[in-house]
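So the structure is just underneath, and the comments pick up after that.
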Amino acid sequence: MNSRNRIHSLIAVGLISTAAFNCNSQTADPATPPEKPKIEARFFNQTTPFDGEITRGIIVAETNQFSFVIPAGFRQQIDAASKKVTLTSTNYACAIIAAIHESAIEGPADLKPDSIRERLLARYKDAKIVDEFTASIESMSGPAFEIEWAGELGKMSTRAAFIPYPGGHIEVTVQAPTKKIRAYDQSMFQLLLSVRTSAIGAKLAVQEYLAEQ
C-alpha cells in the first residue's frame with residue numbers, strides 16, 4: 001500500500017471509529033425523541049472578484065453562529081453531536097478540525113497557556129512542543145502550539161490554536177505528516193482569517209470581498 005493510500009485508510013478508520021463511538025455512547029430508547037443536533041450547518045459556493053469560486057460555510061450553534069471560507073483543496077464533514085467541522089485535503093495528507101465550545105453550555109474554559117500545554121502533551125503519543133505562537137480570529141487572539149508526535153505512519157505534526165470569542169472559544173487543529181505540515185500553514189491562516197462570529201438573533205457576520213474596481 002503506498003503512502004497516500006495508507007494515510008487515506010488511517011483517516012477513514014479514524015472517522016469510522018469516531019462515528020462508532022458516538023453511536024455506542026447513546027442509549028437507544030424508542031420512547032425518547034432524538035436529541036436535537038447541537039449545530040446546524042450549510043455550505044454554498046460563491047463567486048468572488050479576485051479569488052474566483054469559494055465555498056462558504058455557516059454554522060449555527062446553540063448560542064452563537066459562525067461563518068467561514070473553506071480553504072481551496074479541502075472537503076468538509078460535520079459532526080453535529082461534537083460541534084466539530086472536519087476539513088480533509090483532497091490528497092488526504094492533512095486534516096483541519098474546528099471545534100466550537102460554548103461557555104453557556106459547557107461552562108468557562110481554562111485557556112491559560114500552561115494548562116493547554118499540559119493537555120496537548122497528554123493528548124499525543126511521545127509529544128514534544130516545537131513552537132508556540134498566537135492565533136487570531138477577527139480581533140480576538142489566543143494561544144497556539146505546534147506539536148510533533150509519533151504516528152502510525154511516522155512523525156506527525158499538529159498545530160493547535162485556542163481562540164476565545166464572545167460566548168466561548170474555538171479550537172482549531174491542523175494535522176499532517178511533519179515533512180508536509182509547512183505546506184498547510186497558509187490553509188490554516190486563510191481559515192482563521194475568514195471566520196466571523198455573531199450571536200444568535202443578530203445579523204450573520206461574514207468575511208466580505210471587495211468588489212473589483
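The table for this structure:
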| quantity | calculated |
| --- | --- |
| From the options 188, 156, residue that is modelled with pLDDT of 95 or more and in a strand (DSSP E or B) | 156 |
| The listed residue being assigned to a strand (DSSP E or B) and within 20 Å of residue 59 (Cβ to Cβ), out of 97, 147, 105 | 97 |
| Failed condition for residue 117, given (1) modelled with pLDDT of 95 or more; (2) out of contact with any His (no Cβ under 8 Å at 6 or more places or on another chain); (3) outside any helix (DSSP H, G or I); (4) farther than 17 Å from residue 94 by Cβ | (3) |
| Of all residues in the stretch 38-89 being of a type in the set (S, T, N, Q) and without any contact (Cβ under 8 Å) to a residue 12 or more places away in the chain, the one that is farthest from residue 203 (Cα to Cα) | 47 |
| Only listed residue being modelled with pLDDT of 50 or more and either surrounded by 14 or more Cβ atoms within 10 Å (Cβ to Cβ) or not polar (S, T, N, Q) (or both), chosen from 16, 39 | 39 |
| Within the stretch 192-202, tally of residues that are within 23 Å of the chain's Cα centre (by Cα) and either modelled with pLDDT under 80 or not in a strand (DSSP E or B) (or both) | 5 |
| Residues satisfying the stated conditions in the stretch 170-185, i.e. touching a helix residue (DSSP H, G or I) at 6+ places or on another chain (Cβ under 8 Å) and within 12 Å of residue 100 (Cβ to Cβ) | 172 |
| Test for residue 87: is it crowded, with 18+ Cβ neighbours inside 10 Å and assigned to a helix (DSSP H, G or I) | no |
| Failed condition for residue 169, given (1) farther than 15 Å from residue 95 by Cα; (2) of a type outside the set (A, V, I, L, M); (3) not in a strand (DSSP E or B) | (3) |
| Residue list for the stretch 143-180, filter: touching a residue at least 60 places away in the same chain (Cβ under 8 Å) and either crowded, with 20+ Cβ neighbours inside 10 Å or closer than 18 Å to residue 82 by Cα (or both) | 165, 167, 168, 169, 170, 171, 172, 173, 174, 175, 176 |
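The values are calculated or read from the model by the stated rules, or taken from the named source; none is laboratory data. All figures in this text were calculated on a predicted structure; none of them were measured in a lab. Glycine gets a Cβ as well: all are built from the backbone with ideal geometry, and neighbour counts include every protein chain shown.
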